[in-house]
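None of the figures in this text is laboratory data; all of them are computed from the coordinates on show. Keep in mind it's a predicted model, so treat the numbers as computed, not measured. Methodologically, a virtual Cβ is constructed for each residue, glycine included, from the backbone with ideal geometry; neighbour enumeration extends over all protein chains shown.
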Amino acid sequence: MTIDPLRAAPVLVPDAGPPLDYYLVLPPRPGGRVPTATVEGILVEEFTRHHDFSTTGLDSAGWTPEAGWWSSAALSRGIRTDPELLSRVVPASRWEAEEAYRSLGGGRLPDESVLRTHFLDHHPIASAPPLRLGPAQPPAGFHERRVYRVLFAKDLRAEQVTSLRTAWRTPAGGTSASAASGRLDKGADQITWELRRVGHHLAWCLDVTVLLTTDAAEAVGATLSHLTNVLRQHGLIPVATERFS
């Protein structure tokens, strides 16, 4: 199976989708830094989370035709910190993972309940009580204010940022330092977000501010999941979700 590792995935409509994250692993090109377009294997991941949706750890399992299924927390850490490994991993849909698995001789990709049985090497992600980022009290009319930051590895091309700005209806002009932003009103609750470039190793972050008038916190988790998945579709790899208030 061959793919374009630099492809721009489409922005999908909100959909819970499968809870597992899928990646295609490409082999390195001998004597060069650019990976080939031939898939070497697949990687399946799932974050574990606190009740407030911040991450506590990461489970994963990889598969290659020669070795079969194996679990390695070191690989999940490596693809987020090692530039060479990072260049070889491409976010994929469940369908793309099924196609790669079949083309490499694996047959039918197991159901997600079976895939989880291969998660044997848990990678804990350190967490702390929420830090305060912004005012302590929510604005008038809201009873709770939450701020989340989702960190991502890899990079975005200019046309991918433009695609996000269009999909999120980011206002033109303005003074915001964010590359793209959006807003969602869930009844009287309000969720806004801004995408920014950060650091040298963690390429991007998504800051999400939630203002609640109700106790419908499940909408927070669904929106965080959807926004993270949209950025995965554009090629970014999620690292962690932190809560700041």
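Here are some notes:
- Computed about its Cα centre, the charge dipole of the stretch 53-198 is approximately 600 debye, with only Lys, Arg, Asp and Glu carrying charge at their Cβ.
- Assuming charge only on the beta carbon of Lys and Arg (+1) and of Asp and Glu (-1), the dipole of the stretch 30-113 about its Cα centre is about 200 debye to the nearest 20.
- Pair-distance distribution P(r) for the stretch 158-244, from all Cα-Cα distances in 5 Å bins starting at 0: 3, 12, 25, 26, 18, 12, 4, 1 percent.
- Distance (nanometres) between label positions extended 7 Å along Cα→Cβ at residue 166 and residue 183: 2.3 nm
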